[in-house]
Amino acid sequence: MPGVDHAQQKARLAENAPVRVSACLDVCEQANVIVVQPSRAARVAGARPVWLGLVNDPDATDDIVAWVQAGGPGIAPCPDILDLYTFTPRRTAR
């Protein structure tokens, strides 16, 4: 996404969680896409990844970081503000 400091966004996320960068998740219309993975314990308990799209604002990145620091999917409730970014990818994108 033009005008977004991708390097800064990646660095901010990587300070708090493992980050994998992909060239394409097959949901270009949602760029920037961030998929927050649950911890191993949360996944065993049934938590699933949460897909967030249109994350082009540093404040949204900070909200994601705060959620991950609190435990992320299956551990901490997703902050209401992130509901604005949550989407379900097409089956081919999963």
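FYI, it's all coordinate maths here, none of it is from the lab. All of these numbers come straight from a predicted model, not from anything done at the bench.
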(message) Using 0.36 nm times the number of residues separating residue 10 and residue 28, minus their current alpha carbon distance, what extension gain do you get?
(response) 4.7 nm
(request) Normalise the Cα radius of gyration of the stretch 49-94 by 2.2 N^0.38 Å (N = residues in it) and let me know the number. (result) 1.15
(request) Please work out the ratio of the alpha-carbon Rg of the chain to 2.2 N^0.38 Å and round it to two decimals. (result) 1.03
